Amino acid sequence: RKVRHISLLVRNKTGLKNLYKLISASYLKHYNRNPVIPRSLLERHREGLLVGSACEAGEVFDAVLRGAPPQELKRLASFYDYFEIMPIANNRFLVENGTVRDDDALRELNRRIARLAHELEKPVVATGDVHFLEPDDSIFRAIIMHARGFEDAEEQAPLYFKTTDEMLEEFAYLGEEKAREVVITNPRKITDQ
């Protein structure tokens, strides 16, 4: 089974304890070049946690990308507490490698995830998949990736911490109201939990 990315957020002390259990087990019992949390383990220790769909390496994005049938998509998506959409530049490598035709196709993938969230009555949030604070800090990630053998380490996506205004501008294609919802309103709802 393919390893997928997820986002885990802690809601309370029970969730914090469960997160510690999951992290410990991922390193001590399920380590395979990287720490891995089996879904069955997550299901056993999910109390007090919020599970987000993560980036393009998550199963929801993958299912939308491959055009999964609606029933399969809803079944996969029902596992998550909230859905994430990312800035277009984060996934531009999908255009460069020929997986999608252009930036508009990437925007449409985000729109589909937003529609899925609406259908399932779950929040969708715009996240930056932030790996470093400032744009110039990308050099440090490039060095780490190069050391790990990535041939394209020099070609860093802009995974820096964007301002609210930058995120609103990024998601303006959703319309002003929806952009504010995914950039401001829904992240606040998640934070409040």
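For segment 55-70, the candidate set comprises residues that are of a type in the set (A, V, I, L, M) and not in a helix (DSSP H, G or I); within that set, the residue that is farthest from the chain's Cα centre (by Cα) is 68. The set of residues in segment 119-166 that are open to solvent by less than 80 Å² (accessible area, probe 1.4 Å), without any contact (Cβ under 8 Å) to a residue 40 or more places away in the chain and touching a Lys or Arg at 6+ places or on another chain (Cβ under 7 Å) comprises 132, 156.
Of the residues that sit in segment 116-137 and are assigned to a helix (DSSP H, G or I) and within 17 Å of residue 76 (Cβ to Cβ), which one is farthest from the chain's Cα centre (by Cα)? Filtering first and then ranking leaves 119. Among residues of segment 23-39 that are assigned to a loop (DSSP other than H, G, I, E, B), those with a Cβ under 7 angstrom from a residue that is open to solvent by less than 60 Å² (accessible area, probe 1.4 Å), sequence gap 6+ or separate chain, pair up as 30/36; 30/37; 30/38; 35/26; 36/26; 37/22; 37/26. Residues of segment 84-99 that are surrounded by 14 or more Cβ atoms within 10 Å (Cβ to Cβ) and more than 21 Å from residue 127 (Cα to Cα): 99 alone.
Checked against the criteria, residue 76 counts as open to solvent by 10 Å² or more (accessible area, probe 1.4 Å) and touching a residue at least 12 places away in the same chain (Cβ under 8 Å).
Residues in segment 169-189 that are within 18 Å of the chain's Cα centre (by Cα) and either surrounded by fewer than 18 Cβ atoms within 10 Å (Cβ to Cβ) or farther than 15 Å from residue 125 by Cα (or both): 184, 185, 188, 189.
When restricted to residues that are more than 29 Å from residue 100 (Cα to Cα), open to solvent by less than 20 Å² (accessible area, probe 1.4 Å) and of a type in the set (A, V, I, L, M), segment 9-68 contains 6. Residues in segment 103-118 that are in contact with a helix residue (DSSP H, G or I) (Cβ under 7 Å, 6 or more places away or on another chain) and of a type outside the set (Lys, Arg) were compared, and the one that is surrounded by the fewest Cβ atoms within 10 Å (Cβ to Cβ) is 103.
The values are calculated or read from the model by the stated rules, or taken from the named source; none is laboratory data. Fair warning: this is a prediction, and the values are worked out from it, not measured in the lab. Note: ideal-geometry Cβ built from the backbone for every residue, glycine included; neighbour counts use all protein chains shown. For accessibility, only protein heavy atoms count, side chains too; no ligands or nucleic acids. Shrake-Rupley method; radii C 1.70, N 1.55, O 1.52, S 1.80 Å.
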